[in-house]
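Take a look at the structure set out below.
The values are calculated or read from the model by the stated rules, or taken from the named source; none is laboratory data. Small disclaimer: the values here were computed from a predicted structure and weren't measured. Here the Cβ positions follow ideal geometry from the backbone for every residue, glycine too, while neighbour counts run over all protein chains shown.
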Amino acid sequence: MKSEIKQRLAALRAEMKKLNIDAWYISGTDPHSSEYLPKRWETREYIAGFTGSFGLVAVTLDKAALWTDTRYFLQASEELEGTGIEMMKLRVTDAISPDSWLSMNLPAGSKVGLDAQSLTVEAFRSLENGFLKKDIELVETPDLLDNIWADRPAVPAEKAFELDVKYAGVGRREKQQKIAKELVGFGADLHVVSMLDELAWLYNLRGSDVPYNPVFTAFALVGQNENILFVESGKIDSELKIKLETDGVELKEYSDFYDYLKGIKEKTIFVDPTTLNFAAYNALAGTNEIVEGTSLVAIQKALKNETELEGFRSAMKKDGVALVESIYWLKDVIGKQTVTDFEFGEKLAEFRAKQDGFKGESFHPIVGYKSRGAIVHLHVFADDAQPLDADGVVLFDSGGQYIDGTTDVTRTVALGAVSDQFKTDFTLTLKGMIGLTQAKFPYGVKGCHLDILARQALWENGMNYGHGTGHGVGHFLNVHEGPMAIRLEYNENLMLPGQVLSNEPAFYREGQYGLRTENMMVCVERETTEYGRFLGFDTLTLCPIDTSLIKVDLLTTKEQKWLNDYHQWVNDELKPLLETKYHDFLDEITQPV
């Protein structure tokens, strides 16, 4: 593989020389700003061999570098070794950005090429600003990989399917009208929608174009009188086409999108510069007024309606049953037969698949045993599997896609003896998860204001973790969604009732172990007083937390009560749904501390 990467880099450099450009920048995403990608746009993996879900690549005529964040530092170092590609860090203090690195490695007057269809407006501007001092020019080019990638996959052709309104809660016509009404407030005629999960939500459609994410490849334009979906005609069967057209949706070919934009004149267009690609923006900017802001569809999608929330609760019960069965199975076989981390990941999916409405995993399961638990987004496959023994702990982060909801849960479970240090680390991290769960805060608070609650006990002990604390979760959609988040970095989007988020503080000792406890929760109204409106979180996830790993004396009385109440709730909800052979086990692992 390493020699292949070197050959691909050489071929790319030959294409760069043909266009007289000195570097080529790869955003690592697709025209829809996706995190998980259709095979056609797995450009980062193709050119660098890096399999993580986040990373940027820059290639000059004699050097190459890949940037990623803390989740993937260890993985990237291993995968890039021997390729000639340097691993660079992002989202850490003193990080050297791609534009800075290119400025240091290119002379003034150089040209940096990029595919504008796979780079957001915001990312384009950031690069452009970074190059101003060095007099480096950004040049739009065709996708150069088209010329060197033999048998490159086509745009996905799988059929889209309808999500019944009994699961969605609101019809697509009503959703369009809501967006149109929001546009009036911005004085805008049209909203360009390009994110695949936003399109799936807006049209109550789902697909299978991206692994783990039930989305389909498309673009849309939505306004008071326009509702145009640009999608390959083969993806919409005749029955669904009639339903969409009856609901006022006009269908056009996916490939017609950019030409159609070029034909729009003297309109006011609302775009989200953090997700819309620069080619689409450029097609509109010269002849229309552009209004920028967070995607109106993203904001609405994040505010789950009552039907969606009931779906989440239903999915959590099914997921909880599968998880208890999985933990029981693991505890039963460990030390008696050989089980690998990869096989346990498969077993999690197997138990989930028994549940009604299961549609697949929501992401590749992360199963980290002992030192591999410190690799945050570890991908284990059959060829690099390691056996689990009756010793130490296993961290498993996994989730399911159900017709009525999406799940994402992490547990760290003892398979044998653990150190006193591990128990301290586990308990301090658990305190953070409980602290964020119990937050009560005034309306207007953003995720960065809450993040400290998850880290405080760790910080007090000189400890920290490098990733975010909470991300939005879609409803039978992407397991990661915005626009809000709970992390140290500033995000202008508020915490609002109806938003479903993860709560996943963690701690990692490189070369020793990793631990994480993750629940999903929904933002809810708490009370309104003379001092304002107060919000909080209700937990959704139903899965026992391994109390054998807890130092109870490090928990406050309030934290102990939360844990015991949580386990009583888990027991009450799951026991009626579990076969009787699991009842004693459930009672044992949900005992009060």
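The set of residues in the range 352-409 being in a strand (DSSP E or B), without any contact (Cβ under 8 Å) to a residue 60 or more places away in the chain and surrounded by fewer than 19 Cβ atoms within 10 Å (Cβ to Cβ) consists of PRO387 alone.
Comparison of ALA116, ALA95 shows that the only residue that is touching a Ser or Thr at 6+ places or on another chain (Cβ under 9 Å), outside the structural domain of ASP272 (by TED's automatic domain parsing) and either closer than 14 Å to ASN277 by Cβ or surrounded by fewer than 15 Cβ atoms within 10 Å (Cβ to Cβ) (or both) is ALA116. A residue that is in a helix (DSSP H, G or I), touching a His at 6+ places or on another chain (Cβ under 8 Å) and among the aliphatic types (A, V, I, L, M) occurs nowhere in the range 330-346.
Tallying residues that are surrounded by 14 or more Cβ atoms within 10 Å (Cβ to Cβ) and among the hydroxyl-bearing types (Ser, Thr, Tyr) within the range 333-351 yields 1. Please go through the range 13-45 and give me each residue that is assigned to a helix (DSSP H, G or I) and either aromatic (Phe, Trp, Tyr) or farther than 17 Å from LEU114 by Cβ (or both), ordered by number. Across the range 13-45, the qualifying residues are ALA14, LYS39, ARG40, TRP41, GLU45. Residues that are within 18 Å of LEU388 (Cα to Cα) and either free of Cβ contacts under 8 Å to residues at least 24 places away in the same chain or among the charged types (D, E, K, R) (or both) within the range 298-333 comprise GLU325, TRP329, LYS331, ASP332, VAL333, listed in sequence order. The numbered conditions (1) without any contact (Cβ under 8 Å) to a residue 40 or more places away in the chain; (2) in contact with a Phe, Trp or Tyr (Cβ under 6 Å, 6 or more places away or on another chain); (3) of a type outside the set (Lys, Arg) are all true for GLU232 except (1).
Residue count for the range 136-160 satisfying the condition of being without any contact (Cβ under 8 Å) to a residue 40 or more places away in the chain and either touching a Phe, Trp or Tyr at 6+ places or on another chain (Cβ under 7 Å) or on the phi > 0 side of the Ramachandran plot (or both): 2.
Residues in the range 67-88 include none that are assigned to a strand (DSSP E or B), touching an Asp or Glu at 6+ places or on another chain (Cβ under 6 Å) and modelled with pLDDT of 95 or more.
Name the residues in the range 46-66 that are among the hydrophobic types (A, V, I, L, M, F, W, C), outside any strand (DSSP E or B) and either over 26 Å from ALA218 (Cα atoms) or modelled with pLDDT of 95 or more (or both), would you? ILE47, ALA48, PHE50, LEU61, listed by residue number. Considering LYS181, LYS166, the condition of being part of a helix (DSSP H, G or I), under 18 Å from GLY311 (Cβ atoms) and outside the structural domain of PRO365 (by TED's automatic domain parsing) is satisfied by LYS166 alone. Among the residues of the range 528-549, those identified as over 17 Å from ARG516 (Cα atoms) and loosely packed, with under 15 Cβ neighbours inside 10 Å are THR528, THR529, GLU530, TYR531, GLY532, ARG533, ASP538. Only helices (runs of 4 or more DSSP H) whose full extent lies in the range 207-324 are considered here, and the ones with at least 2 residues that are within 23 Å of the chain's Cα centre (by Cα) are 296-302. All of MET495, MET484, MET463 fail the test of being modelled with pLDDT of 95 or more, surrounded by fewer than 19 Cβ atoms within 10 Å (Cβ to Cβ) and farther than 16 Å from THR541 by Cα, apart from MET463. Under the condition of being at pLDDT below 95 and part of a helix (DSSP H, G or I), the residues counted in the range 502-557 number 0. Quick one: is MET1 farther than 24 Å from GLU122 by Cβ, in contact with an Asp or Glu (Cβ under 8 Å, 6 or more places away or on another chain) and not aromatic (Phe, Trp, Tyr)? No, not satisfied.
One line per residue, one yes/no per condition, for (1) of a type in the set (A, V, I, L, M, F, W, C); (2) crowded, with 21+ Cβ neighbours inside 10 Å; (3) in contact with a Pro (Cβ under 6 Å, 6 or more places away or on another chain):
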| site | (1), (2), (3) |
| --- | --- |
| LEU190 | yes, yes, no |
| GLU198 | no, yes, no |
| LYS235 | no, yes, no |
| GLU245 | no, no, no |
| LEU251 | yes, no, no |
| PRO273 | no, no, no |
